[in-house]
There are 2 protein chains.
Amino acid sequence: MAELTVKVPTIEQTEYRIHIGNGLLETLLERIESQFPGQKPFIITDQNLVDAGHIKTLLNRQNVPVYTITPPGEGSKHIQTVVSILEAMEKAYLGRDSVVIAVGGGTVGDIAGFAASLFKRGVPVVQVPTTSLAQADSSVGGKTGVDSSLSKNAYGVFWHPASVFMDVDTLSTLNDRDFRAGLVESIKHAMILDAAYFEYWEQNIEAILAKDTQVLAKLALKNCQIKGHVVQIDPQEKNMRRILNYGHTIGHAVESASQLELLHGEAVAIGLIGAARIELAMGIGDQARLDRTESLLKKLGVPMTIPSNITGETVLDLIKRDKKAVDKWPKFVLINQLGQVHQKDGQWAVDVEQVTVKQVIDSLY
Amino acid sequence: MAELTVKVPTIEQTEYRIHIGNGLLETLLERIESQFPGQKPFIITDQNLVDAGHIKTLLNRQNVPVYTITPPGEGSKHIQTVVSILEAMEKAYLGRDSVVIAVGGGTVGDIAGFAASLFKRGVPVVQVPTTSLAQADSSVGGKTGVDSSLSKNAYGVFWHPASVFMDVDTLSTLNDRDFRAGLVESIKHAMILDAAYFEYWEQNIEAILAKDTQVLAKLALKNCQIKGHVVQIDPQEKNMRRILNYGHTIGHAVESASQLELLHGEAVAIGLIGAARIELAMGIGDQARLDRTESLLKKLGVPMTIPSNITGETVLDLIKRDKKAVDKWPKFVLINQLGQVHQKDGQWAVDVEQVTVKQVIDSLY
C-alpha cells in the first residue's frame, strides 16, 4: 500500500471590529463600501425591519438588492430559507465578489451568516443586529445555522463576521416581548463571568426597561466584551466557549418543545432557573443566589416555568438529542457563584445524572 | 461611538493521510475505529456501490448505519439530499462524536463531505473514493458542495477529509463510460504540472484502459501527489489552486447546459480542447500540442465537441454565472506548454476577451 500526507496549512489570526452607537444605519452602506471596495452588497433582512422603516433608512435611495425573510422569526429558520436566499443571490448574478449584510435579529443573522458561508464556498458577512438578543449575543462569535425538523441549530457552520454594527436606535421599534426576552442572554453573561455586571443589572433594571439609550449602549458594549473575550479564546467551541451555553441545555429543549411558542430568551430564562436548581441539588448552589436570579428575571417579565402543554418526557427526550450530546446525554454548564463557572477536571461542562435533571424539570412547572 | 476588536485566533496546520492500494475495504472499519476511537461511524454511499457488493464487503457483518443515495449520480447532488442525510443522522441520535464515511464517486464525496461539515457545525469525514474521477480528483482537497438549479457546485464549504482510502479494486466494477470520463482529470493534472506524466499517459493508454491495477495505482498516486501539492500550497483556492480549474470554465458550463447528459469528465474533455484553442488564439498555444491532446482524448474515447442540442449562447450565459466570475466574467487558466501554466502579473488565471471565448465555443461543434 502506498501512502502520502497532505498538509492543510495554518490559517492565520484575523480580527473584526464591533461598532456600537446610534444613528449608524444612515451611513452604513458607505462604511461597508470603504471596507470592501468594489464588492457588491446584498442585504438580507426580514419583514419587521422593512415595516419599521430601518431598511429605507439604510438604503437611503441607493439601489442595493434586498432579500426579505417572511414571515419574520424562528419559523423561517430552516434550510429552505437559506436555499431561497442562495438562489436569489445567484439570480442577481452575484459572485465571490459580494458581501452579505445581515440586518435583523438573531434569526436573520444566523440564516444570513449561514447563507454567506455557503455561497460560492463563502463570502464575507457584515452583521447588523437590531434586537436586544442579537446585540447581546448572536451577532458576535461566528455561529450560524438553521433548525431541523427535530432540533434547534442542528445544521450550520462557524462563519465569523467581517464587521459588526450595533445601532441601539433600532431597539426603539422592537416590541416589548422581544426586547425583554432578548435581554436574558445579557443576564446570562453576567451570571457566568461578571458579578459586578449582575449588580449593575439589578440597579438599572428600570432604566433598561425604559430603553434608556445610554444604558442600552453600555449593555451592548459589556455584552460584546464578555462574549468577545470568550469566543476569541475558543472560537470553535472546543472547550471554554461552552460556558455561553449556561441555561441553554434545558432552554433549547423547552424552546424546541414549545414549537416556537416561546422565544429563545424566554426558554433560556426557564433554563437559567433549571441550572440554578441543578446547582442546588448538586451542592454547588445556594438559595440566596437563586432568589436574586428569580427576582431579576421576574422584574424583566419573562416566564420562569415550563408551559403546561409540554410534557417533562418531551423535554428530556430533546435534551438527549442536544447537539453537544455524547452517547445521547450532554454535559451541563453550572456556576459556583455569580460570575464564576463551576469547573471539574479542567472541564467547563460537567456530568449531571439524568435523574437529577428529571427532578429539576418536574420542579419547573 | 464605541468600538472593540474581536480576534479570531490562528487555526494550526493539520494534515491527513492518503492510503492507496487494493483489498482495503475489508479492514477499513477497523482502521477507522482505531483512528477515531469511540466515535460512531455513519456510512454514506449510493446504490451503485451497494449493487456492486462493495458495501457488504466494507460492513463485513458489522452493524453500522448506511445512507444510500438514490438515484446515484449528479442528479442527486442537490441540497435536498444533504437535508435528507442530516435528518437521517439526527434520527439515528448521532452527535458530534460521529465520523462520516463517504464511499463512492465524486458526487457521494461532495454530498457526504458537505453534510459532515454542516452536521452539528462539523464532524470529520473519511473519503473512500471508488471511481477514477474521485480517485484522481475530488476526494483530495476538501471542496464539498452541491449544485443549485442554476449552476454546478453553487453552494458548499471547504471541509478537508480526516483520511482518504483509495482501493483500486473498486474500479473493476465501474462502468466503462464513467471509468474513461473520470480519467480526464488525470490528463488535466499532467497538462498543468507534469509533462513527463503526460508522456506516461501517451505510452500507457492501453494498459490504463485494460484496468491494469499496477498502472491504476500508479495513476492514483501521481494524481494525489499533484493535487496534494497544489492544495497544500493554496487550500482555500485564493490563487494557485485555480490552476486545477484548467478546462473547467467552458467544461462546467457545457456540463450544466447538458442537463447531466454529459459526465463531468466528458465536459472537461471538451473544455480542455476549448482551452487549447483559446491558447492558439492568444498566441501562447501551438498546433502540435493541441494535436497530442486531441489524440490522447480520442484514444480515451471521450467526446470532444459540444452536443448539437446545446446553443453557444447558453454556454456563454453559464460562463457568466461561473462561481469565480467577477463582474459576470471569469478569468481563464491557460498553459504555455505541457506541464506549465501561463502566468500574467503573478496571476494563475488570466483575462480572455468574451469575443475570443465565443469564437472558440463556436468552433467546438
* Structure fact -> Sorted by chain and number, the residues with a modelled amide H under 5 Å from that of B:I335, at a separation of 5 or more or across chains, are B:H342
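Treat every Asp and Glu Cβ in the protein assembly as shown as -1 and every Lys and Arg Cβ as +1, leave all other atoms uncharged, and give the resulting dipole magnitude about the Cα centre to the nearest 20 debye.
380 debye
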* Go ahead and run the numbers for FRET between A:L209 and A:T305, Cβ-Cβ distance against an R0 of 25 Å, rounding to 0.05. => 0.70
* **Dipole in debye (nearest 20) - the range B:171-261, about Cα centre, beta carbon charges: Lys, Arg +1; Asp, Glu -1** => 280 debye
* HN-Hα J couplings of the range B:113-123 from phi, Karplus 6.51/-1.76/1.60, θ = phi - 60°, integer Hz, Gly and Pro as x? -> x, 5, 4, 4, 5, 8, 5, 6, 6, x, 10
* To do: Provide an ascending nm list, one decimal, of label-point separations from B:E26 to the equivalent residue in each further copy; define each label point as 7 Å from Cα along Cα→Cβ.
  => 7.7
* In what sequence do B:I79, A:I270 fall when counting other Cβ within 10 Å, fewest first? -> B:I79, A:I270
* For peptide A:88-98, compute the average count of partner chain beta-carbon atoms within 10 Å of each residue's beta-carbon. => 4
* Asked: Assuming R0 = 41 Å, what is the FRET efficiency of B:V326 and A:A2, from their Cβ-Cβ distance, to the nearest 0.05?
  -> 0.55
* To do: For A:R321, enumerate residues with amide H under 5 Å from its amide H, sequence gap 5+ or separate chain, H modeled in the peptide plane.
  => none
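Share of Cα-Cα pairs in chain A beyond 38 Å, in percent?
Here the long-distance tail beyond 38 Å is 17 percent of all Cα pairs in chain A.
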* What are the nm distances, shortest first, from A:Q47 to its equivalents in the other copies, labels at 7 Å along Cα→Cβ? -> 4.1
* Would you pull out the residues with amide H under 5 Å of B:V352's amide H, same chain only if 5 or more places away, H placed 1.01 Å from N? => B:F332
* How would you classify the range A:185-301 from its alpha-carbon gyration tensor, with a ≥ b ≥ c the square roots of the eigenvalues: rounded for a/c under 1.5, else prolate if a/b is greater than b/c, otherwise oblate? -> rounded
* With charges only on Cβ, +1 for K and R and -1 for D and E, what is the dipole size of the range A:18-174 about its Cα centre, in debye, rounded to 20? -> 400 debye
* Run through the other copies and list how far each one's label point is from that of B:P307, in nm with one decimal, shortest first; the point sits 7 Å from Cα along Cα-Cβ. => 5.2
* For the range A:290-360, would you read off the P(r) tail past 18 Å as a percentage of all alpha carbon pairs? => 56 percent
* Structure fact -> In chain A, taking the dipole from +1 charges on Lys and Arg beta carbons and -1 charges on Asp and Glu beta carbons about the Cα centre, the listed residue (A:A325, A:Q203, A:F36) farthest towards the positive end is A:F36
* Structure fact -> Taking the axis of the rotation relating chain A to chain B, the A residue whose Cβ comes closest, together with that distance in whole Å, is A:I11, 2
* Of all GluC sites (Glu not before Pro) in the range B:1-35, which ones are in loop regions per DSSP and have a Cβ with at most 12 other Cβ atoms within 10 Å? -> B:E12
* GluC sites (Glu not before Pro) restricted to the range A:211-310 and DSSP loop, no more than 16 other C-beta within 10 Å -> A:E261
* Asked: Which one of A:I208, A:I273, A:I44 has the biggest mean-square fluctuation once chain A is modelled by GNM with Cα springs under 10 Å?
  -> A:I208
* Karplus-derived HN-Hα couplings along the range A:165-177 (A = 6.51, B = -1.76, C = 1.60, θ = phi - 60°), whole Hz, x at Gly and Pro -> 10, 10, 9, 5, 4, 5, 5, 5, 9, 6, 5, 4, 5
* **Per-residue ³J(HN,Hα) for the range A:35-46, Karplus 6.51 cos²θ - 1.76 cosθ + 1.60, θ = phi - 60°, Hz, x for Gly and Pro** => 6, 10, x, x, 8, 8, x, 9, 8, 10, 8, 9
* Candidates A:T107, A:T213, A:T130, ranked by Gaussian network fluctuation over chain A, Cα under 10 Å, top entry -> A:T213
* Nearest-ten-degree value, helix B:287-300 long axis tilted from longest Cα axis of chain B -> 40 degrees
* To do: Using only Cα positions of the protein assembly as shown, each an equal point scatterer, no hydration layer, compute I(q)/I(0) via Debye at q = 0.09, 0.10 Å⁻¹ and quote the log10 values to two decimals.
  => -0.83, -0.99
* Considering only A:G38, A:G122, A:G247, give the residue with the highest GNM mean-square fluctuation for chain A, with springs between Cα atoms whenever their separation is below 10 Å. => A:G38
* Over the range B:141-293, what is the relative contact order in whole percent, taking alpha-carbon pairs under 8 Å and six or more residues apart? -> 20 percent
* In percent, how large is the relative contact order of the range B:18-174, given Cα pairs closer than 8 Å and 6 or more residues apart? -> 26 percent
* Structure fact -> By the Cα gyration tensor axes a ≥ b ≥ c (a/c under 1.5 gives rounded; else a/b larger than b/c gives prolate, otherwise oblate), the shape of the range B:18-174 is rounded
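Each value in this text was obtained by applying a stated rule to the coordinates, not by laboratory testing. Note that the structure is a prediction, hence the values are computed from the model and not measured. Note that each Cβ is placed from the backbone with ideal geometry, even for glycine, and that neighbours are counted across all protein chains shown.
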